[in-house]
1. Just one of Leu92, Leu36 is farther than 29 Å from Leu479 by Cα, modelled with pLDDT of 95 or more, in the same structural domain as Ala209 (by TED's automatic domain parsing) and not in a loop (DSSP other than H, G, I, E, B); which is it?
2. Quick check: is even one residue across the stretch 260-276 closer than 30 Å to Leu229 by Cα and more than 18 Å from the chain's Cα centre (by Cα)?
3. Since Ala455 meets every condition but one in (1) part of a loop (DSSP other than H, G, I, E, B); (2) touching a Pro at 6+ places or on another chain (Cβ under 8 Å), which condition does it not meet?
4. Being of a type outside the set (D, E, K, R) and surrounded by 16 or more Cβ atoms within 10 Å (Cβ to Cβ) is the requirement here; does Thr382 meet it?
5. On the given criteria, is Arg344 surrounded by 15 or more Cβ atoms within 10 Å (Cβ to Cβ) and charged (D, E, K, R)?
6. With Gly266, Gly290 as the choices, which residue is outside any helix (DSSP H, G or I) and touching a strand residue (DSSP E or B) at 6+ places or on another chain (Cβ under 7 Å)?
7. Could you tell me whether any residue of the stretch 393-407 is surrounded by 22 or more Cβ atoms within 10 Å (Cβ to Cβ), among the aromatic types (Phe, Trp, Tyr) and either assigned to a loop (DSSP other than H, G, I, E, B) or without any contact (Cβ under 8 Å) to a residue 40 or more places away in the chain (or both)?
8. Answer yes or no: is there a residue in the stretch 438-450 that is among the β-branched types (Val, Ile, Thr), in a loop (DSSP other than H, G, I, E, B) and within 19 Å of Leu318 (Cβ to Cβ).
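The values are calculated or read from the model by the stated rules, or taken from the named source; none is laboratory data. Note that the structure is predicted; figures quoted are calculated from it, not measured. Positions of Cβ are backbone-derived with ideal geometry, glycine not excepted, and every protein chain shown enters the neighbour counts.
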Amino acid sequence: MTETVETGVAPIIGGGDQPQLYIGGTWVDPHSTQTLEVFSPATGERVGTVPHADEVDVDTAVRAARAAFESGVWSSKSPAERADVIAKVADLIDERTAEITALVSAEMGAPPSAVQTLQQLSGTGILRGYAEAARNYPWVEYRTGMFGSTRITREPIGVVGAIIAWNVPLFLSCNKLGGALAAGCSVVLKPAPETPLTGNYIAQLFVEAGVPEGVISVVPGATETGQALVSHPEVDKVTFTGSTAAGKAIGAACAESLKRCSLELGGKSAAIILDDVDIAANAFMIAFLGLFNTGQACVAQTRVLVPRSRHDEIVGALVEAAKLMKVGLPSDPEAQLGPLISERQRARVEGYIELGKKAGATAVLESERPAGLNDGYFLTPTIFTGVTNDMTIAQEEIFGPVLSVIAYDDVDEAVAIANDSDYGLAGTVWTGDVERGIAISERIRTGTFGINFYAIDPGSPFGGFKNSGIGRECGPEGLEAFLEHKSTMLPAGYEPKQ
């Protein structure tokens, strides 16, 4: 555990200056002389420093992971034993809610309530989901085919390089580590340079819960660190969450050596509001699903498709709902939205807002940099009307608190608009008729979908179509993403021992 530091947000356990890297479950001196400094995007205050892992550090971590995997110290444990350890990590996170919330809030600026709801609840849920999947998965199966009986086994893929984004670091750390470790793999985790402290903290909890020495390493760093991890010949699989552009580069690099990869990428999801919706009952949730985490979410429902016959009524309700979402410091108990992650990201979002205006969209709710929050990268929500789906703000992932309202005349047009996107990660439909909603869900080209709400369910596959990625996380499908299948053909007359 690293030292406690005082910030303007809260005492941070796990923050401070950490001069070493967490390699193979122990703290070691880095080869690199570079460091990453972490500053709160809410207050500008310094949160801590970690080493910026270089190619030599990555090699050390990967070789530790390879040695641990080949030794069988973790991979040979039974699925039930691995499940017990992973479930214990979820319990440890719940026991240390205050510490973890303070750390994540300091790194990324999100209000504590948002961290606990969007990251801790989902993170512990996904850990318990992977534990359950490991206990119930058909690790060994017998089939009878043309040549008799075949024994089919599922075996861990090996060493996993896990690269995560900064927007929900607690959830993503749990997601990548939980799935790979449940399968029996060893893992080298590369957290985003903006949020390395959370990755270090969660990795330590896995070791505390019982993951053996050598199995987990953390290599904080920027692009070059990720490139070293992806290209390392001893890495068997890369699992990545981040931008589509970076995902394409990682996919191309993996293809060169036929390295397995899973890519969870961007989104531009549509919320289809039908003409029978009870807008008074649903307006806040619709707005929330587009704006939560200050819009910094790949599943954010940022295209809001509304029937032209009820356009003004629905827009008015959405504007009022968005106004209720207070922007503020992590220390403000009423705050629901925090800052954007950096000044660069805020400027990028403001640039998209200007593009929307120039294209002819109308900002019925216009963002501003709120008074009294000048030390952070805050921006209040924007809601555009008069948006057509060919506009840049309707096609590109903004990753900020910006909603684009698009009017439609009939359901067929709404479906066509929803599908007219390079992405296909999430989506929703809002209706008083669930069967009508199900029928529409079958027409939308997206990996996940919700009727009158949206969530990532730990027991169900999560991932996208098109430019939203390759592969699935969560549930047995997420576990299977870290497994190889082996078929062993058995001699005639052999009776398997069940």
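1. Just one listed residue meets the conditions, Leu36.
2. Yes: one or more hits.
3. Every condition holds for Ala455 apart from (2).
4. When the stated conditions are applied, Thr382 passes them.
5. Spelling it out, it is not the case that Arg344 is surrounded by 15 or more Cβ atoms within 10 Å (Cβ to Cβ) and charged (D, E, K, R).
6. Gly266
7. The answer is yes; a qualifying residue exists.
8. No, because not a single residue in the stretch 438-450 is among the β-branched types (Val, Ile, Thr), in a loop (DSSP other than H, G, I, E, B) and within 19 Å of Leu318 (Cβ to Cβ).
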